[in-house]
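The values are calculated or read from the model by the stated rules, or taken from the named source; none is laboratory data. None of these values were measured; they are calculated from a predicted model. So basically every Cβ, Gly included, is an ideal-geometry build from the backbone, and we count neighbours across all protein chains shown.
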Amino acid sequence: MCRLFKEVVELASTQARISRTKGSLADIERTLTLELADVMAWTIALANYYGLDLGEFFLFRLRTRLSAMRRKDRVHLHRFPDG
């Protein structure tokens, strides 16, 4: 679990540096994507270690969170259909 926390800290640090970075948009996107992938990989590894069905609960969370966001903020999230 410590490795997951380390990756989350790296992701947060990367996000915090974005506004100060002078690099190209492509470089920023690549770095952010790599850090997000690290967080996802370690999250999945941790779920597998504990024998958890992360996929099922991810979809449940996605549907409930998006539903709440639509109601609260009237946000149109066409890229994330309920289903």
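Observations
- Residue that is nearest to Lys6 (Cα to Cα), among those in segment 16-52 that are part of a loop (DSSP other than H, G, I, E, B) and not basic (Lys, Arg): Tyr50
- Condition met for Ser67 (surrounded by 11 or more Cβ atoms within 10 Å (Cβ to Cβ) and modelled with pLDDT under 85): yes
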